[in-house]
Amino acid sequence: MSDPDFKIDIEELVGESTEEHIDITNLKTGTSQARQKKVEVKPDDKLVGQIRRVGGLNHAITVEANDNAPFEIICGQRRWGAFQILVEESDKYKKIRARVIRRDPKLTEEEKKVISFVENYGRNDMEKSDYSDVIEYFYQKYGRKISQAAKALGITTETAKKYLTFARLS
């Protein structure tokens with residue numbers, strides 16, 4: 001039975017991880033991830049569009065290296081799913097940027113869950129007004145052309161219109 005006073009130091013836990021580009025076929029979804037629902041990624045998902053627009057990831061996925069086996073995804077299963085879609089468009093997406101944890105002993109289930117939870121829990125969407133302000137900036141920058149503002153941010157024209165309308169109604 002686990003210690004109910006389980007404490008964690010995330011920096012100590014991930015140790016001397018390295019950043020690498022890993023072939024997307026050499027990955028598997030971990031079973032200890034905090035996010036278990038709504039993980040499916042579809043071609044029209046905004047995550048796919050955003051990665052396509054910026055040409056990659058802003059935040060690497062987190063994986064654990066396994067001996068003679070695929071890397072186990074601890075954080076980033078949706079980003080991996082997006083790459084699996086995007087690889088059909090470009091070989092650029094055959095490899096994904098990953099923070100690789102190599103530790104002896106291996107991470108425990110509890111440690112993997114903590115790493116995954118910490119990454120997901122702290123995320124909040126920005127305020128609508130913050131989205132609107134950034135879209136407005138690019139809208140003005142590109143001569144009040146909403147399609148150019150949307151393209152610059154990797155969003156649909158409809159999304160840009162929605163937030164600009166929100167800004168004008170506020």
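Residues in the stretch 72-104 that are part of a strand (DSSP E or B) and buried (at least 21 other Cβ atoms within 10 Å of the Cβ): 7 in all. Whenever a residue of the stretch 74-85 is in contact (Cβ under 8 Å) with a residue 12 or more places away in the chain and under 26 Å from R103 (Cβ atoms), its partners that are among the basic types (K, R) and open to solvent by less than 30 Å² (accessible area, probe 1.4 Å), lying with C-beta atoms within less than 8 angstrom and at least six residues away or across chains, give the pairs I74/K112.
Does at least one position in the stretch 116-131 carry a residue that is of a type in the set (A, V, I, L, M, F, W, C), open to solvent by less than 70 Å² (accessible area, probe 1.4 Å) and either more than 30 Å from D67 (Cα to Cα) or in contact with a Cys (Cβ under 9 Å, 6 or more places away or on another chain) (or both)?
No: zero hits.
Can you say whether N68 is at positive phi, polar (S, T, N, Q) and open to solvent by 40 Å² or more (accessible area, probe 1.4 Å), as far as the supplied structure shows? The answer is yes for N68. The numbered conditions (1) open to solvent by less than 40 Å² (accessible area, probe 1.4 Å); (2) within 30 Å of I8 (Cβ to Cβ); (3) touching a helix residue (DSSP H, G or I) at 6+ places or on another chain (Cβ under 9 Å); (4) of a type outside the set (G, A, S) are all true for K112 except (3). Summed over the stretch 24-43, the residues that are open to solvent by 60 Å² or more (accessible area, probe 1.4 Å) and either among the aliphatic types (A, V, I, L, M) or in a strand (DSSP E or B) (or both) give a count of 2.
Look at I85 and say whether it is modelled with pLDDT of 90 or more, touching a Pro at 6+ places or on another chain (Cβ under 7 Å) and closer than 30 Å to I22 by Cβ. Judged against the criteria, I85 is a match.
Taken over the stretch 50-65, the criterion of being outside any loop (DSSP other than H, G, I, E, B) and open to solvent by 20 Å² or more (accessible area, probe 1.4 Å) is satisfied by Q50, R52, R53, V54.
The values are calculated or read from the model by the stated rules, or taken from the named source; none is laboratory data. Model, not experiment: these values are computed from the prediction. Cβ: placed from backbone, ideal geometry, glycine included. Neighbour counts: every protein chain shown. Keep in mind that these areas ignore ligands, DNA and RNA; they rest on the heavy atoms of the full protein, side chains included. Shrake-Rupley method; radii C 1.70, N 1.55, O 1.52, S 1.80 Å.
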